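S.K.: Here you go, one structure.
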Ligand code: AMP
């Protein structure tokens, strides 16, 4: 019998660990990790028209328009590998995006929504220390000297400097935090304490998902 796909939406402010934890969970479950920030950074790196327009907005810590982002998410979710489940990281980030997502998924299985909560001081410390690979954009683990994926040099993300970080947190509060209210009353919503070790957060996320869909895919 075909098992129901796990469709996980990671919520939480910048620096909460959505990327690190989302990629790890996706790897363990064998489903794609879909980060809209990562898709945009690839467009920037490739110098496409979307990438060139997005870079200015991303470097200011602002949000890309809903129509563009909904189109990007739709194209990605329609790809074959997402049919058996996915982990969404960084989408939705506004109410129109959350409403659009509900229309993009069929009813084979519900969206599991995990909200990672982290105090703001911890977020700022984490974002200022965060490093990514200059060549491939890989999100490096703390304390690592070079990219574990391609060996490239690590650099700070252009939107992780303190002024942009503060703007991103402000925009999170204004535009993205309200979507917690959109999901909070659903039986598939869970919140997880993100101010713990990586392994403890990963275990809590796995338990949260299991409590919604069972421990198997
Ligand atoms: P992230 O890697 O998720 O922190 O995203 C980096 C940047 O990409 C954000 O600060 C936004 O400028 C942009 N971005 C990523 N996802 C979205 C989205 N769903 N809606 C609007 N902007 C986005």
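The values are calculated or read from the model by the stated rules, or taken from the named source; none is laboratory data. What you see is a predicted model, and the numbers here were worked out from it, not measured in a lab. Positions of Cβ are backbone-derived with ideal geometry, glycine not excepted, and every protein chain shown enters the neighbour counts.
S.K.: Cβ-Cβ below 6 Å, separation at least six or inter-chain, first residue in region 40-67 and over 21 Å from residue 95 (Cβ atoms), second more than 7 Å from the ligand (Cβ to nearest atom) and not in a helix (DSSP H, G or I): which pairs?
M.R.: Correct list of pairs: 41/137; 59/158.
S.K.: Among (1) over 17 Å from residue 17 (Cα atoms); (2) out of contact with any helix residue (DSSP H, G or I) (no Cβ under 6 Å at 6 or more places or on another chain), where does residue 125 come up short?
M.R.: All conditions pass for residue 125, except number (1).
For every residue, the table says whether it meets (1) over 13 Å from residue 11 (Cβ atoms); (2) assigned to a strand (DSSP E or B); (3) touching a helix residue (DSSP H, G or I) at 6+ places or on another chain (Cβ under 9 Å).
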position: 144; (1), (2), (3): yes, no, no
position: 150; (1), (2), (3): yes, no, no
position: 154; (1), (2), (3): yes, yes, no
position: 166; (1), (2), (3): yes, no, yes
position: 175; (1), (2), (3): no, no, yes
position: 180; (1), (2), (3): no, no, no
position: 191; (1), (2), (3): no, yes, yes
position: 199; (1), (2), (3): yes, no, no
position: 210; (1), (2), (3): yes, no, no
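S.K.: With (1) more than 16 Å from the ligand (Cβ to nearest atom); (2) modelled with pLDDT under 95 as the list, and residue 163 as the residue in question, which single condition is left unmet?
M.R.: Among (1) more than 16 Å from the ligand (Cβ to nearest atom); (2) modelled with pLDDT under 95, the lone unmet condition for residue 163 is (1).
S.K.: Same structure, new question: Identify all residues within region 149-160 that are surrounded by 14 or more Cβ atoms within 10 Å (Cβ to Cβ) and without any contact (Cβ under 8 Å) to a residue 24 or more places away in the chain; write none if there are none.
M.R.: The answer is 152, 154.
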